[in-house]
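The values are calculated or read from the model by the stated rules, or taken from the named source; none is laboratory data. All values reported here derive from a predicted model rather than from experimental measurement. All Cβ positions, glycine included, derive from the backbone under ideal geometry; neighbour counts span all protein chains shown.
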Ligand code: DX5
Ligand code: ZN
């Protein structure tokens, strides 16, 4: 069970300090938004390169951007250990996944709430993680979409059949109230933004989430 706090809900003027506050996390989740694929703008490669120099944990880049074919490999080359592209924005998902791996990172594909899983099942051999979005991508602090749990179960079934070390991530509205149903459905990697950075102690929130998820491990 891996916890990846999203720094989208952190203080952007103090990102190094905010990463240090979640030292006990397995990953730090970095939301890259371009105001085209989603109606919000966050940060890009130059900021990620700076974060990589100071982060005490590996970075999990979630690219909510157009043209991931061009950009995703660059985040892997920069040193992100996991790079997630959205299949809805991808021209050639298989090639992106291969390019990410060739650059030394785990390759990950995200699907929005309205995107079905089945058409992409055949991409599993190219993937190290599948991200099932549990909100519409673009903003932190939205309500968890429990109706995505059947999709998490379907991905878990596919991964079981396929075998190998493929992780299943959920992102959006994950909190102490919702993480158990995600784990129960088959997720093993959990992004949480507001639930971690909105807590009195971000580090304690990470521990609580991990403990709750572990109680429902597959
Ligand atoms: C949403 C982002 C999420 C976001 C999650 O588009 O991909 O990573 O930060 O924030 P919470 O946990 O507050 O829903
Ligand atoms: Zn995200």
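Tabulated data
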item: Helices (runs of 4 or more DSSP H) wholly inside the stretch 156-214 that include at least 2 residues being surrounded by fewer than 19 Cβ atoms within 10 Å (Cβ to Cβ) and either at pLDDT 95 or above or within 15 Å of ligand 2 (Cβ to nearest atom) (or both); result: 179-185, 202-214
item: The stretch 146-162, residues that are touching a strand residue (DSSP E or B) at 6+ places or on another chain (Cβ under 6 Å) and without any contact (Cβ under 8 Å) to a residue 24 or more places away in the chain; result: none
item: Any hit, the stretch 5-19, residues being assigned to a strand (DSSP E or B) and within 14 Å of ligand 2 (Cβ to nearest atom); result: yes
item: Any hit, the stretch 38-53, residues being within 14 Å of ligand 2 (Cβ to nearest atom), in contact (Cβ under 8 Å) with a residue 60 or more places away in the chain, in contact with a strand residue (DSSP E or B) (Cβ under 7 Å, 6 or more places away or on another chain) and not in a strand (DSSP E or B); result: yes
item: Residues located in the stretch 20-31, provided they are outside any helix (DSSP H, G or I) and over 24 Å from residue 71 (Cα atoms); result: 21, 22, 23, 24, 25, 26
item: Some residue of the stretch 193-211 being near ligand 1 (Cβ under 10 Å from one of its atoms), within 25 Å of residue 20 (Cα to Cα) and without any contact (Cβ under 8 Å) to a residue 60 or more places away in the chain; result: yes
item: Count of the stretch 123-145 residues which are within 16 Å of ligand 2 (Cβ to nearest atom), free of Cβ contacts under 8 Å to residues at least 40 places away in the same chain and not in a loop (DSSP other than H, G, I, E, B); result: 2
